[in-house]
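One structure below.
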Amino acid sequence: MYRKPMFKRQSGSHRRTLQKRQDIERGTAASRGYGYQWQQYRERFVQEHPYCIACTQNPSETEVIDHILPVRQSDSDSATGVADPLFFARWNHQPLCRHHHSQKTKQHDQRLASIRDQVVQDLEIDADDSDHFIRFRLLSMIGLWTEWIDLETGEVYHS
Ligand SMILES: [Zn+2]
């Protein structure tokens, strides 16, 4: 069942302090591979998708671009960070508010990291498939959200 997200808007300065603390805990954005190219990409993506895909009742601004299937971490043998093919795969990105990003990370990322290669295989991505189409199939397949907003039409989907 979909439950309305319960959270208070944070003031700008509190948010910045929080961000700073998170950066210290996780390493700076640059050290995690989120360099200039990502910042440029991020700016455009947020402009095109200003609202959280999971806030279907009350729109919330996009605060995070989430990698739906988690990017490989540096402890992996395969390509990690920006070198991971799923890092810049547009179909693997969804705009989220901080609330939904935190919820998704805590509740789903471990499971998604363990099944991601199988999911990519099952997606059977064709070169002609649009990012929008692949993202829709992906979200339907992994059952991440009960309801989410279609990034092109603004319609609400139910899984
Ligand atoms: Zn949200």
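Here, each number is a calculation from the coordinates, and none is a lab measurement. Treat the numbers as computed from the prediction; the structure is a model and nothing was measured. Neighbour counts are summed over all protein chains in view; Cβ atoms, including those assigned to glycine, are modelled from backbone coordinates with ideal geometry.
Counting only strands (runs of 3 or more DSSP E) that sit completely within segment 52-159, those holding 2 or more residues that are touching a residue at least 24 places away in the same chain (Cβ under 8 Å) and under 19 Å from Tyr41 (Cα atoms) correspond to 64-67, 93-96.
Restricting to segment 82-99, and then to whatever is within 10 Å of the ligand (Cβ to nearest atom) and of a type in the set (A, V, I, L, M, F, W, C), can you tell me which residue is farthest from Asp150 (Cα to Cα)? Here the residue is Cys97.
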